[in-house]
1. Could you put Ile102, Ile225 in order of accessible surface area, largest first, with the 1.4 Å probe and the full protein assembly present?
2. Hey, how many Å between the Cα centroid of segment 148-168 and the Cα centroid of segment 91-120?
3. With just the Cα atoms defining each centre, how far is segment 247-279 from segment 1-76? Give it in Å.
4. Counting only protein chains, not ligands or nucleic acids, how are Arg376, Arg208 ordered by accessible area (probe 1.4 Å), most first?
5. Report the relative contact order of segment 23-71, percent, no decimals, based on alpha-carbon pairs under 8 angstrom and at least 6 residues apart.
6. According to a simple spin-label model (label point 7 Å from Cα along Cα-to-Cβ), what is the distance in nm between Ala311 and Lys233?
7. Over the chain, what percent of the accessible surface lies on carbon and sulfur atoms, probe 1.4 Å?
8. Between Leu204 and Glu126, what FRET efficiency follows from the Cβ-Cβ distance if R0 is 45 Å, with the result rounded to 0.05?
Amino acid sequence: MKLWKKNTEPDKRIERYTVGDDFLLDGRLVRYDCEASIAHAKMLAKIGVLKADEAKKLVGGLKHIQSLDKEGRFTVRSEDEDCHTAIENFLIQTLGQTGKKIHTARSRNDQVLAALRLYYRDALHETECGLLKLDRAFASLKRKYGKVRYPGYTHTRKAMVSSFGLWADGFTEALGDDRKLIRFVAGWINRSPLGTGAGYGVPLKLDRAYVAKLLGFNGVQKNGIAVQNSRGKYEATMVHALGQILYDLNRMSSDLIFFSLPDLGYVALPDAFCTGSSIMPQKKNPDVLELMRAQFHRVAACETQLKNTAANLISGYHRDLQLTKKPVMEAFDATLDSLAVAALVVENIKIDAGACRKGLTEDVLATEKVYDLVKRGVPFRDAYRMVGKRYG
Ligand code: ARG
């Protein structure tokens, strides 16, 4: 039954439209919603709104849902509308009158934000782990091939001597920047929205700080209007940070696609990582890298979607905001999958030192020759012109 149902029977067609696929997406939030509700129930007991045994029963019921969910036995159905409803209905069915008390002093508006933030916190932590794994893959590439020199490029034309050590370090440094950004965003959003209700508080004296502490938040996000208006804004910032990671993976993919061109052959992808053509039997295509490159654009679109969904709304909750859920989840999935696959690729590519040596044609050394002259006292511009004569 809907939490808000009074006397009218909702129109099924409208219901289907308003629920959309939210009930499916909410499958991921069940454990987090229970976690937040456990803290909420404990706080209600602390301030004397619930009796100790009532809170105990509610906590037990919520833990039971968490274990059912873990075994894949707690489903949010379309008729439930969302996980918050499914959970409350379950508590009412199993605990009767006590179950009806869980929603004291809250609204689904602060509730959904709490569940989402707990989910984000875990997903951001997983993102950090993925970044560290990729870091280790670059370190192992550097150990194996760091000294191999190859021509570095500008304008897709040979420029100066580079090495795979320099290349690996370049991405390690960039991913280190991304990690800092992820950490910053994780700290920024790690504040409790609970207790702000629908955006305008609750006419009870709550201990918001206690709930925040139980849930491991850094503190409370104070103002209810700020809380509601942050939905969409926080998400866009977080997805922007994820996009920075995919930006680096995008550039890395382009490098590897180029370095593994059969005409260059500096890098070889294992055959098992390549895909074939349905017509050209000789082809070994780097589809995996092309898709990784494209994920950046996909996540950039999620960021735009988030900002555009939330902007222009007057302060407070609007159902529009439900549509911010999917792009965030999509962005996390794209990032986590890409990080895992990128680590696999970096660990398994082979660098052909012979092909790299062949690529280091004499022109790649032109700048070094200029500097040999500079070191012997020739002014730079003269040295540049002297060497440059050979190249027309
Ligand atoms: N599924 C909704 C969302 O994600 C839950 C909040 C519903 N709140 C409401 N006032 N209708 O936004």
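The values are calculated or read from the model by the stated rules, or taken from the named source; none is laboratory data. Keep in mind the model is a prediction, meaning the values are calculated, not measured. Cβ atoms come from the backbone with ideal geometry, glycine included; neighbour counts cover every protein chain shown. The area values use the complete protein model at the heavy-atom level, side chains included, leaving out ligands, DNA and RNA. Shrake-Rupley method; radii C 1.70, N 1.55, O 1.52, S 1.80 Å.
1. On the way: Ile102 0, Ile225 65 Å².
From most accessible down to least: Ile225, Ile102.
2. Rounded to whole Å, the Cα centres lie 56 Å apart.
3. With segment 247-279 and segment 1-76 each reduced to a Cα centre, they are spaced 47 Å.
4. Working: Arg376 180, Arg208 40 Å².
Solvent-accessible surface, decreasing: Arg376, Arg208.
5. Numbers: 26 pairs, mean separation 21.9, N = 49.
It comes to 45 percent, rounded to a whole number.
6. If labels sit at Lys233 and Ala311, their model points lie 1.4 nm apart.
7. Working: 11250 of 20380 Å².
Here it works out to 55 percent.
8. Working: r = 36 Å, r/R0 = 0.80.
That pair, Leu204 with Glu126, gives E of 0.80.
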